[in-house]
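Participant: Quick one: this structure, given as structure tokens, is what I'll be asking you about.
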Amino acid sequence: MSKSHENHIVPVSTYLTIFTILIVMTGVTLWVAFHDFGIWNTPVAMLIASFKATLVLLFFMHLKYSPRLMTIVFFSSAYMLALLILIVMADITTRTIPAVSSVGM
């Protein structure tokens with residue numbers, strides 16, 4: 001016996017609202033790109049991108065309406081990916097580049 005999957009019908013107005021928010025946030029991203037926030041340039045850009053990605057995940061990829069297990073699987077895999085990237089970046093940034101010798105050339 002298989003479980004029946006409940007269908008969810010999202011109103012078009014919800015999609016249009018999310019689309020409008022994404023367009024506005026794209027404008028905010030463009031505005032931020034032309035202003036200097038010093039050391040905060042990258043964190044501000046990442047914050048805006050994370051907000052936009054969250055909206056896409058929740059509404060357009062239907063993660064909001066998926067079973068809780070799907071949400072847990074998604075976020076745990078995203079966490080592991082971020083951890084692996086962090087480990088690789090820590091390794092790359094701590095390497096030293098050996099000096100090139102001109103002897104024997």
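Every read-out reported here was derived from the displayed coordinates using simple, explicitly stated rules and does not represent laboratory data. These numbers were taken from a predicted model, which means no experiment stands behind them. Cβ sites come from the backbone with ideal geometry, for glycine too, and all protein chains shown count toward neighbours.
Participant: Please verify whether Leu69 is surrounded by 13 or more Cβ atoms within 10 Å (Cβ to Cβ) and either out of contact with any Lys or Arg (no Cβ under 9 Å at 6 or more places or on another chain) or not hydroxyl-bearing (Ser, Thr, Tyr) (or both), treating the condition exactly as stated.
Facilitator: Numbers: surrounded by 13 or more Cβ atoms within 10 Å (Cβ to Cβ): no; either out of contact with any Lys or Arg (no Cβ under 9 Å at 6 or more places or on another chain) or not hydroxyl-bearing (Ser, Thr, Tyr) (or both): yes.
When the stated conditions are applied, Leu69 does not pass them.
Participant: Which pairs have Cβ atoms under 7 Å, sit 6 or more apart or on different chains, and link a residue in segment 40-51 that is surrounded by 10 or more Cβ atoms within 10 Å (Cβ to Cβ) to one that is assigned to a helix (DSSP H, G or I) and hydrophobic (A, V, I, L, M, F, W, C)?
Facilitator: Once the first residue is surrounded by 10 or more Cβ atoms within 10 Å (Cβ to Cβ) and sits in segment 40-51, its partners that are assigned to a helix (DSSP H, G or I) and hydrophobic (A, V, I, L, M, F, W, C) give Val44/Val32; Ala45/Val32; Ile48/Met25; Ile48/Val28; Ile48/Val32; Phe51/Met25.
Participant: Among the listed residues Ser77, Ser50, Ser102, Ser66, which satisfies the condition of being over 15 Å from the mean Cα position of the chain (by Cα), closer than 29 Å to Thr17 by Cβ and of a type in the set (S, T, N, Q)?
Facilitator: Values: Ser77 fails: over 15 Å from the mean Cα position of the chain (by Cα); Ser50 fails: over 15 Å from the mean Cα position of the chain (by Cα); Ser102 fails: closer than 29 Å to Thr17 by Cβ.
Exactly one of Ser77, Ser50, Ser102, Ser66 is over 15 Å from the mean Cα position of the chain (by Cα), closer than 29 Å to Thr17 by Cβ and of a type in the set (S, T, N, Q), namely Ser66.
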